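J.: Could you have a look at this structure, given as structure tokens, before my questions?
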Amino acid sequence: MKIVHILNGDSLKEQFPKTIAGDILVARECLVDGEVKSDSLEELFQVRAEFLFEAYDLPTEEYKVQTIDEFEKIKNIPTESEIYLWFEDDLFCQVNFWFVCYLLNQFTENCNIYLIRPEVHSPYGFAALNQHELEQIFEKRKRIDNLDKLASLWSSYKKGDLDQLVNIGEGLRIEFPFISDAIQAHLDRVPTHDNPGRPTLALQEIMKELDTVEFAPVFKEFNQRESIYGFGDLQVKRLFDEIVNG
């Protein structure tokens, strides 16, 4: 039986306890940021490569090696493997989690799949835990028996079907209550004709309160107030620059 751990980010890989056996794969994406509408995985990866190059100057070949190849490994996990998904509650992690569940639902068979997450949501997530604490939450892993429903979250998110996304989240609320919070954060960030979305409004408020256009203190405060988004400095800097540049 093969044991596979799928982590949301390299920082957790660096601190992953050596006492926990298994291969490690990393979901190196930020699907919460940018275009995802597509009709196939091939088209999705092309759309993502183009967006990440345009927005963050990420070379296409680097995206292929660091991200696409890792997802291909997820697709090729053998039958009857034991799979552990290490993802946090924020929207950034959740969207990646939904996509990984979609891949597993499509390409794996008869696997035992579990979710490991910090017991308390915070801006620091797994990074706030030492190796002993990571071992402890691993022991409290939760078995996933409704992979198809979790996978359908990705399908709804990709299509931009907000009503369906909310309905699926409500159906999962008893077992995974944190999902509805992430979905609400996504709804709140969708711009309308008179509202640029919650993250931008929060940044504008913070910049006004701190009376600064310096990014570092604004980013720090944003992470404290809006940890539900889980945005990294790159995502926040894009929004910040849009505000500063009018």
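The values are calculated or read from the model by the stated rules, or taken from the named source; none is laboratory data. The model shown is predicted, which means the values in this text are computed figures rather than measured ones. Here Cβ is always computed from backbone atoms with ideal geometry, including for glycine, and neighbour counts include all displayed protein chains. Ligands, DNA and RNA are stripped out before the accessible areas are found, and what is left, the full protein with its side chains, is counted by its heavy atoms. Shrake-Rupley method; radii C 1.70, N 1.55, O 1.52, S 1.80 Å.
J.: Scan region 50-62 and tell me whether some residue there is without any contact (Cβ under 8 Å) to a residue 60 or more places away in the chain, crowded, with 16+ Cβ neighbours inside 10 Å, touching a Lys or Arg at 6+ places or on another chain (Cβ under 8 Å) and not basic (K, R).
T.: No, every residue in region 50-62 fails to be without any contact (Cβ under 8 Å) to a residue 60 or more places away in the chain, crowded, with 16+ Cβ neighbours inside 10 Å, touching a Lys or Arg at 6+ places or on another chain (Cβ under 8 Å) and not basic (K, R).
J.: Let me ask another. Test of understanding: among D188, D163, which residue is more than 15 Å from the chain's Cα centre (by Cα), without any contact (Cβ under 8 Å) to a residue 12 or more places away in the chain and under 18 Å from G230 (Cα atoms)?
T.: Just one listed residue meets the conditions, D188.
J.: If a residue must be assigned to a loop (DSSP other than H, G, I, E, B) and open to solvent by 10 Å² or more (accessible area, probe 1.4 Å), how many such residues does region 16-35 contain?
T.: 12
J.: Looking at (1) assigned to a helix (DSSP H, G or I); (2) exposed (fewer than 13 other Cβ atoms within 10 Å of the Cβ); (3) hydrophobic (A, V, I, L, M, F, W, C); (4) within 18 Å of the chain's Cα centre (by Cα), which is the only condition V65 fails?
T.: Every condition holds for V65 apart from (4).
J.: May I pose another question? Report whether or not P177 is open to solvent by 30 Å² or more (accessible area, probe 1.4 Å), without any contact (Cβ under 8 Å) to a residue 12 or more places away in the chain and within 21 Å of N8 (Cα to Cα).
T.: It is true that P177 is open to solvent by 30 Å² or more (accessible area, probe 1.4 Å), without any contact (Cβ under 8 Å) to a residue 12 or more places away in the chain and within 21 Å of N8 (Cα to Cα).
J.: When you scan region 118-132, do you find a residue that is among the hydroxyl-bearing types (S, T, Y), more than 16 Å from S11 (Cα to Cα) and either modelled with pLDDT of 95 or more or open to solvent by 40 Å² or more (accessible area, probe 1.4 Å) (or both), even just one?
T.: For region 118-132, residues among the hydroxyl-bearing types (S, T, Y), more than 16 Å from S11 (Cα to Cα) and either modelled with pLDDT of 95 or more or open to solvent by 40 Å² or more (accessible area, probe 1.4 Å) (or both): absent.
J.: In region 69-81, which residue that is of a type in the set (D, E) and farther than 30 Å from E226 by Cα is most open to solvent (accessible area, probe 1.4 Å)?
T.: So the residue we want is E80.
J.: If the requirement is being over 23 Å from C30 (Cβ atoms) and either at pLDDT 95 or above or surrounded by fewer than 19 Cβ atoms within 10 Å (Cβ to Cβ) (or both), which of these qualifies: N245, N146?
T.: So the residue among N245, N146 that is over 23 Å from C30 (Cβ atoms) and either at pLDDT 95 or above or surrounded by fewer than 19 Cβ atoms within 10 Å (Cβ to Cβ) (or both) is N146.
J.: Please pick out the residue among Y102, Y157, Y84 that is crowded, with 16+ Cβ neighbours inside 10 Å, part of a strand (DSSP E or B) and not aliphatic (A, V, I, L, M).
T.: Going through Y102, Y157, Y84 in turn, just one is crowded, with 16+ Cβ neighbours inside 10 Å, part of a strand (DSSP E or B) and not aliphatic (A, V, I, L, M): Y84.
J.: Please state which one of S11, S40 is more than 16 Å from the chain's Cα centre (by Cα), surrounded by fewer than 17 Cβ atoms within 10 Å (Cβ to Cβ), among the polar types (S, T, N, Q) and over 19 Å from I113 (Cβ atoms).
T.: Result of the check over S11, S40: S40.
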